[in-house]
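Read through the structure below, which is laid out as structure tokens, and then see the notes.
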Amino acid sequence: QVQLVESGGGLVQAGGSLRLSCAASGRTFSSYAMGWFRQAPGKEREFVAAVSWSGGITYYADSVKGRFTISRDNAKNTVDLQMNSLKPEDTAVYYCAASRLLIATGAADDYDYWGQGTLVTVSS
């Protein structure tokens, strides 16, 4: 069992920035690919970004490419999502997830563990 705890969500003006962080428990964090997903009210959960076990391969949704950056620190068992140039349509609950596949993937079904979610609200 992997426990994921998120932090960093909040309210921000359009054009601003936020940094989300996800802390993972256990001694096998470095063996997991990690991802971020988001879900707006009334909408399906959608992929945002993913990073491989080594941190060397990243994958982004087209909607956030160039604005968001995913990174991981295996020594600290954390994965971060730096969000810049935020737009109102970025408003959603953001979820951290871990996959035992070791690769970066945008498929939610490939992830085995999920955080509780943290709300990001971008005002216009």
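The values are calculated or read from the model by the stated rules, or taken from the named source; none is laboratory data. Just so it is clear, the model here is predicted, and its values are computed rather than measured. As a convention, Cβ positions derive from the backbone with ideal geometry for all residues, glycine included, and neighbour counts pool all protein chains shown. For the accessible areas, the whole protein counts, side chains as well, though only heavy atoms, and no ligand, DNA or RNA atoms are used. Shrake-Rupley method; radii C 1.70, N 1.55, O 1.52, S 1.80 Å.
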| note | With the first residue restricted to the stretch 70-88 and required to be farther than 18 Å from A40 by Cα and open to solvent by 20 Å² or more (accessible area, probe 1.4 Å), and the second required to be at pLDDT 95 or above and among the hydroxyl-bearing types (S, T, Y), Cβ contacts under 7 Å at 6 or more apart or on different chains are T78/S21; D80/S21; D80/S71; Q82/T69; N84/S17
| remark: Given the conditions (1) open to solvent by less than 50 Å² (accessible area, probe 1.4 Å); (2) not in a loop (DSSP other than H, G, I, E, B), every one holds for Y59 apart from (1)
| query | Does at least one position in the stretch 22-34 carry a residue that is open to solvent by 60 Å² or more (accessible area, probe 1.4 Å) and modelled with pLDDT of 95 or more? | reply | no
| remark: Within the stretch 35-48, the count of residues that are under 21 Å from S124 (Cβ atoms) and open to solvent by 20 Å² or more (accessible area, probe 1.4 Å) comes to 6
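Give the residue that is modelled with the highest pLDDT, with candidates limited to residues of the stretch 91-110 that are among the hydroxyl-bearing types (S, T, Y) and within 17 Å of N77 (Cα to Cα).
Filtering the stretch 91-110 down to residues among the hydroxyl-bearing types (S, T, Y) leaves 91, 94-95, 99, 105.
Subsequent filtering for residues that are within 17 Å of N77 (Cα to Cα) retains 95, 99.
On the way: Y95: 98, S99: 92.
That would be Y95.
Take S7 and tell me if it is modelled with pLDDT under 95, open to solvent by 40 Å² or more (accessible area, probe 1.4 Å) and not basic (K, R). Break it down stepwise before answering.
On the way: modelled with pLDDT under 95: no; open to solvent by 40 Å² or more (accessible area, probe 1.4 Å): yes; not basic (K, R): yes.
No.
Which members of the stretch 89-99 meet the condition of being of a type in the set (D, E) and either open to solvent by 10 Å² or more (accessible area, probe 1.4 Å) or part of a loop (DSSP other than H, G, I, E, B) (or both)?
Within the stretch 89-99, E89 is the sole residue that qualifies.
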